[in-house]
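Inspection log for the structure reproduced underneath, given as structure tokens.
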Amino acid sequence: MKYPSIRAALHRMFDNDLDDRFEAGLDLLIRGLKARIDWS
């Protein structure tokens, strides 16, 4: 019964990684939009 918990832990790890990358991408997008507004 060890394997399901390892798989769940890995899944959680990758989910968190995906969330972090998504947040970073969102942050970049917002900063890019702000920069574009400042330029015009």
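None of the figures in this text is laboratory data; all of them are computed from the coordinates on show. Source: prediction; values computed, not measured. Glycine gets a Cβ as well: all are built from the backbone with ideal geometry, and neighbour counts include every protein chain shown.
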Relative to the chain, whose Cα atoms define the longest principal axis, helix 2-39 and its Cα axis are tilted in degrees, nearest 10, by 0 degrees
In the chain, taking the dipole from +1 charges on Lys and Arg beta carbons and -1 charges on Asp and Glu beta carbons about the Cα centre, the listed residue (Ala35, Met13, Ala24) farthest towards the positive end is Met13
Here P(r) for the chain, Cα-Cα distances in 5 Å bins, as whole percents, is 6, 22, 13, 14, 11, 8, 9, 6, 5, 3, 2, 1, 0
Computed about the Cα centre, the charge dipole of the chain from +1 Lys/Arg and -1 Asp/Glu charges at the Cβ has a magnitude in debye, to the nearest 20, of 140 debye
